[in-house]
Ligand SMILES: [Zn+2]
């Protein structure tokens, strides 16, 4: 197993990797790293300033020559990281949290954090994370996954800070009062069992506030102000204390680059304080705050948000729900844009594709080409009870099914196959009423999430035991993730994590299936698909992960769908699929008769040991086929090239018309054919050369065996 460990995961216990290796390993996890100073052997900050200097966070602060904007410059870019650590191989490592989709609960025992935590946990339950570090000074960092766009309060109580739009230091950074290290068994870099940050505890999740929208446009890393920006700044400044001197100066510095517009906003805000003095204000602006600085108006927004600013209500939401002519716009994935289920019509093009099902957000991962549509569409339709009434996988609760697909035609054909198969006992109308097929479009995950509002109205009332009704939400299938979610990089864990957060939030109680391609080419090795890294970034945040793979080398080897990560025990760990094909006469696009093959797969649970047995059966069958071919070829050869001795047929090279097999196998085949009577050995009265016999085909025996084989 260890040989399969990804190279970037270091055995930090038994090797001595360089700090750079750590930084690269974090980046590979999708964690955004930045260089911080760390301390020297004497515990002094390596930046050269005394540790005790006011405001100096010894060892922990960013190296501003390398990252002028601090943690906002953090990156996962390998080359940038290599350059930074080439400049300073001993630099400590900071992780920019929100960028990495993380939130840290910082427990500081020196400020009463342990007691605060004990109280909270007694009331709200343990806030555990699988991924936890010991910090310098004996505290703890518990890491959780968090939506980077949400905001969280800065603290939960005394000595108990929440860090999200900021950074933390991680191993092997050294601080003046000790180093940062991962707890035993909770390290994300462990070679054997890399720890993953746990989901946010309920208490923290409940405090999340939606993202605050403000306009921030940057050119070359420099914020550019627009009219909307000034409007937003006015709104934000209402939440910033105008009485504090340092804040007054800082806000002035931020606004200075915007000339008189900036001065006007600064003055409007400052004049709300009793300390406001118009002439001092002008003087300060003209003389004292012209020094170059790195803070931008972003920091005003940040301050305002921390003080409870919820964004500028004057802002027009980017997804304005009207078209220029004033009509309500129809969402691109609206049911209004759905097409027929496919049961009632036939298309003549032939493809192969896929989908699947369960509750919560499930990811079905499989290599491109494994045949996911034929496998998963029929399974998904079973949730709408469009399946045989005694079908093993038929769920008790009936739901409608929405399939958003990159190939409508393929889905329709699979559904048609299921319909025309007949065993579902369902009419075209039943399919049309319970299934919607929608053409996928690549959209921002935020936009995709908005359609949940409409979908949640399309429920099915299921009668409960007490006579009341349960309105079941539809199953939504996203086929594939790549066709629906517009992401810059589908393999970027942080970006996929954000998309997942939107889906989880909007479709909180829906059953969802996201079909995802794995990066690997179609192989037969099960293990290729079962490692989370080999699968896809989508599987990381899913509530259920299922992998589809081909169980064997051959194109037609059985497909297996395996539950690789589920939240609760499943009745079956693995399913296999029986392929159903049928042929019908239809007209092609030109109106001519054409035979069309339809196929779909019917999933069924695999019995224990069945996979091994199936493999052995296939192997045996294949060997049997090869053996039969050798025997048939020898009979043919004896027919065509009659009257030769046994050794002639056994030794004749393929190039001269001989049978393609090893001489040993040919010898055994001839023996077998002589034994069953297909061949006869005729002795010569007088040897010809070295031969004293020849072989002959007994056609009657061959025909009789042939008839027996086919049961005629
Ligand atoms: Zn320093």
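The values are calculated or read from the model by the stated rules, or taken from the named source; none is laboratory data. Since the model is a prediction, treat every value here as computed from it, not as a measurement. Ideal geometry is used to build each Cβ from the backbone, glycine not excepted, and the neighbour counts take in all protein chains shown.
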All conditions in (1) out of contact with any helix residue (DSSP H, G or I) (no Cβ under 7 Å at 6 or more places or on another chain); (2) under 19 Å from residue 176 (Cα atoms); (3) free of Cβ contacts under 8 Å to residues at least 60 places away in the same chain are true of residue 35 except (1)
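Scan the range 441-448 and give yes if some residue there is farther than 19 Å from residue 516 by Cβ and crowded, with 22+ Cβ neighbours inside 10 Å, otherwise no. Talk me through it step by step, then tell me what you get.
To start, the set of residues in the range 441-448 that are farther than 19 Å from residue 516 by Cβ comprises 446-447.
Subset that is crowded, with 22+ Cβ neighbours inside 10 Å: none.
No, the range 441-448 has no match at all.
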From the option list 585, 624, single residue qualifying as outside any strand (DSSP E or B) and modelled with pLDDT of 75 or more is 624
Note on the range 465-505: residues in contact (Cβ under 8 Å) with a residue 24 or more places away in the chain, over 13 Å from the mean Cα position of the chain (by Cα) and over 22 Å from residue 376 (Cβ atoms) are 470, 486, 502, 505
So, first residue on the phi > 0 side of the Ramachandran plot in the range 45-65, second residue within 8 Å of the ligand (Cβ to nearest atom) and not in a loop (DSSP other than H, G, I, E, B), Cβ within less than 6 Å, six or more apart or across chains; the pairs are 59/45
The helices (runs of 4 or more DSSP H) lying wholly within the range 371-458 that contain at least 3 residues that are in the same structural domain as residue 600 (by TED's automatic domain parsing) and farther than 26 Å from residue 501 by Cα are 372-382, 408-421, 428-434
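Which of the residues belonging to the range 41-50 are in a loop (DSSP other than H, G, I, E, B), near the ligand (Cβ under 10 Å from one of its atoms) and over 12 Å from residue 88 (Cβ atoms)? Can you show your working first?
Keep residues of the range 41-50 that are in a loop (DSSP other than H, G, I, E, B), which gives 41-44, 46-50.
From the residues that got through so far, the ones that are near the ligand (Cβ under 10 Å from one of its atoms) too are 44, 46-50.
Hits for the range 41-50 are 44, 48, 49, 50.
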Going through (1) in a strand (DSSP E or B); (2) within 27 Å of residue 193 (Cα to Cα) one by one, residue 161 fails only at (2)
Restricting the range 659-689 to residues that are more than 60 Å from the chain's Cα centre (by Cα) and in contact (Cβ under 8 Å) with a residue 24 or more places away in the chain, the one farthest from residue 632 (Cα to Cα) turns out to be 681
Practice task
Please work out if residue 602 is within 27 Å of residue 197 (Cα to Cα) and at pLDDT 80 or above.
Solution key: no
Conditions (1) at pLDDT 95 or above; (2) within 16 Å of the ligand (Cβ to nearest atom) -> residue 38 fails only (1)
Discussion item. Tell me whether the range 678-700 contains one or more residues that are under 30 Å from residue 552 (Cβ atoms) and outside any helix (DSSP H, G or I).
Written reply: no
Given the conditions (1) at pLDDT 90 or above; (2) surrounded by 15 or more Cβ atoms within 10 Å (Cβ to Cβ), every one holds for residue 115 apart from (2)
Over the range 45-67, the set of residues in contact with a strand residue (DSSP E or B) (Cβ under 9 Å, 6 or more places away or on another chain) and closer than 21 Å to residue 84 by Cα is 45, 46, 57, 58, 59, 60, 61, 62, 63, 66, 67
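Give the residue, chosen from 272, 247, that is under 46 Å from the mean Cα position of the chain (by Cα), outside the structural domain of residue 155 (by TED's automatic domain parsing) and at pLDDT 75 or above. Quick ask: steps written out before the conclusion?
Values: 272 fails: under 46 Å from the mean Cα position of the chain (by Cα).
On inspection, the qualifying residue turns out to be 247.
Can you give me the number of residues within the range 81-100 that are farther than 16 Å from residue 19 by Cα and either surrounded by fewer than 22 Cβ atoms within 10 Å (Cβ to Cβ) or within 16 Å of the ligand (Cβ to nearest atom) (or both)? Outline the logic, then answer.
First, pick out the residues of the range 81-100 that are farther than 16 Å from residue 19 by Cα: 96-100.
Now restrict to residues that are either surrounded by fewer than 22 Cβ atoms within 10 Å (Cβ to Cβ) or within 16 Å of the ligand (Cβ to nearest atom) (or both): 99.
Number of matching residues: 1.
Looking at 53, 65, 78, 123, which one is more than 26 Å from residue 297 (Cβ to Cβ), modelled with pLDDT under 95 and within 16 Å of the ligand (Cβ to nearest atom)?
Values: 65 fails: more than 26 Å from residue 297 (Cβ to Cβ); 78 fails: within 16 Å of the ligand (Cβ to nearest atom); 123 fails: within 16 Å of the ligand (Cβ to nearest atom).
When all the criteria are applied, what remains is 53.
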